[in-house]
Amino acid sequence: MSIELENKEELAMFRKLSAGSENAFSAIYAHYSPKIFTFVDRMLSLPDVTDDLVQDIFIDLWQKRDFLKNIENPKAYLFRMASNRVLDYQKRLSTRKPILDFVISQQATLGAWSEERVLYKETLKLLGEAIDTLSPQRRIIYELSRNEGLSHEEIAEKLNIAKSTVANQLVSALKQIRLYLEKHASLFSFAIFYLLTQS
């Protein structure tokens, strides 16, 4: 199959998907998910995380299907989505580095590094799950504060809401995350609670 023909077929599938075709979505997923997985995993070398990111990418694709009718290069669009998702993940990971530092500092009492690495990955996954339980507005406010380091005033201006709303939503977000971790976390729960409540 020529590249030109393949691109035409991909465009046709994207047009159908933009119209809400679940069959087109299934075809695009079946064709591209293995390629996207390989692409993402080469950058992260974390298969479990990669699998979650790939699922997120295709969920986003379905949710944003209305915009796909104007896409001229489906393959480039999908791989750009994947690149952006990896960059977002790495950015979130960098903000949670204190958790890794805590894990490393406990080598003497927690045993082998391989075991700590597993615990660290589980902790990050749990923290991500907790953040995912936040409402859309609360999550945006939380991530603008924790990931981008914006002040309450800057967030209020960016989102066009009251500064008091930002403060209240952050307090609620931290409480909700702590409650989730309290219910699901084990070994590193206290360390996570401490990190989450720091300004």
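Taking 22 Å as the cut-off for C-alpha to C-alpha distance, list the pairs among Lys75/Lys125; Lys91/Lys125; Lys75/Lys158; Lys125/Lys183; Lys125/Lys175; Lys35/Lys64 that go past it.
Numbers: Lys75/Lys125 29 Å; Lys91/Lys125 15 Å; Lys75/Lys158 33 Å; Lys125/Lys183 14 Å; Lys125/Lys175 18 Å; Lys35/Lys64 20 Å.
The pairs that break the limit, which is 22 Å between Cα atoms, are Lys75/Lys125; Lys75/Lys158.
Starting from the Cα of Lys69, draw a straight line to each of the lysines and keep only those under 21 Å, dropping any in the same chain fewer than 8 residues away.
Straight-line reach from Lys69, under 21 Å: Lys8, Lys16.
Only the coordinates and a few stated rules stand behind these numbers; no lab work does. Owing to the predicted nature of the structure, the values given are computational and were not obtained by experimental measurement.
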